[in-house]
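Nothing in this text is a laboratory measurement; each read-out follows from the coordinates by a stated rule. Since this is a predicted model, take the numbers as computed values, not measurements. Here the Cβ is made from the backbone with ideal geometry for all residues, glycine too, and neighbour counts use every protein chain on show.
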Amino acid sequence: MMDGLILALQFFTRIPIKKEVSFQEGNIRTSLFFLPLIGLAMGMLAAVPLIFISGQSKPISALLSVLMIAILTGGLHLDGLADTFDGFLSGRGRDRVMEIMKDSTLGAFGAVALIFIIVSKLVAVHELPAEYWVGIPLSLANARLAAGYVIATKKNAREGGLGALFKSSGVGKSVLLSGFVLIGIILFIKPIFLIPLLGSFIVGEMISVWSYRKIDGMTGDVYGAVIEICEVASLILFWGVTIWI
């Protein structure tokens, strides 16, 4: 379990942990269990500016919160988002789309996607009431659980690669268990907060359908896009829920 946690921290965050962990199936499976919990922990750190600074400047607190998320993840999922949009919006055939996604060069569609997702996060965090700061950690956890669900249930578009490695490790039980844990946490906080989680799963499913149409499966880049887009969707739904209640 500890090796799986360390692997998840090393791969999905930029938190410096120098212990070497084998990239074997057992550790990969366990790492997917910890993925939503890591999102929860990162979100709690990112919520600190909203809690303590929003009274003085809500825009600055939102900026610092979003910046904290980017620093903690090292922009890993943003890179996947950009590659996905560069490929999917290129208007090319499947093979060419796959080539574009593997190219490290940032294209126009990827740049627009990055700008849109970052601005969306800034607006969503800005509009989230400070007393509902828990929406940030839960949104990061929701997005990662949705990504885990996609990894466990959808097929890969290409052989090899990190996406295929996670898929082949049989992560279904780990994702299911982490889902029960996250749902338990949400029920303890406020049951109505299950709505953003449900919304994250719906958005993840929609992205999966789009990916199947474009490349007949999923890749590591698409998993990153799922996390980024589901974070925004969850944050917006949290804003909507806080208005409702």
- Note on the structure: Nearest 10, in degrees from 0 to 90: the angle of helix 58-73 to the longest Cα principal axis of the chain is 30
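Rg to Rh ratio, region 20-86, alpha-carbon atoms and Kirkwood radius?
Numbers: Rg = 15.5 Å, Rh = 13.9 Å.
Rounded to two decimals, Rg/Rh equals 1.12.
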- Message: Let me spell out the model: positive unit charges on the Cβ of Lys and Arg, negative unit charges on the Cβ of Asp and Glu, origin at the Cα centre of the chain. What dipole size does that give, in debye rounded to 20?
- Response: 260
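Given the -39500 (n - 2.57) contribution per DSSP H run of 4+ residues, what per-residue ellipticity at 222 nm results for the chain, rounded to the nearest 500 deg cm²/dmol?
-25500 deg cm²/dmol
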- List the residues whose amide H sits under 5 Å from the amide H of Asn156, counting only those 5 or more places along or on another chain, with H placed 1.01 Å from N in the peptide plane. Met218
- In degrees rounded to 10, the 0-90 angle between helix 108-127 Cα long axis and the longest Cα principal axis of the chain is 20
- Find which of Ile6, Val112, Val175 sits farthest along the positive direction of the dipole of region 2-244, computed with +1 on the beta-carbon of Lys and Arg, -1 on that of Asp and Glu, about the Cα centre. Val175
- Over all directions, what mean area does the Cα convex hull of region 2-244 project, stated in square nanometres? 12.6
- If one compares the long axis through the Cα atoms of helix 25-46 with the longest principal axis of the Cα atoms of the chain, the angle in degrees, nearest 10, works out at 30
- Result: in the chain the number of Lys pairs with C-alpha under 19 Å apart, spaced 8 or more or on different chains, is 10
- Using modelled amide H (1.01 Å from N, peptide plane; none on Pro or chain starts), what sits under 5 Å from the amide H of Ser90, excluding residues fewer than 5 places away? none
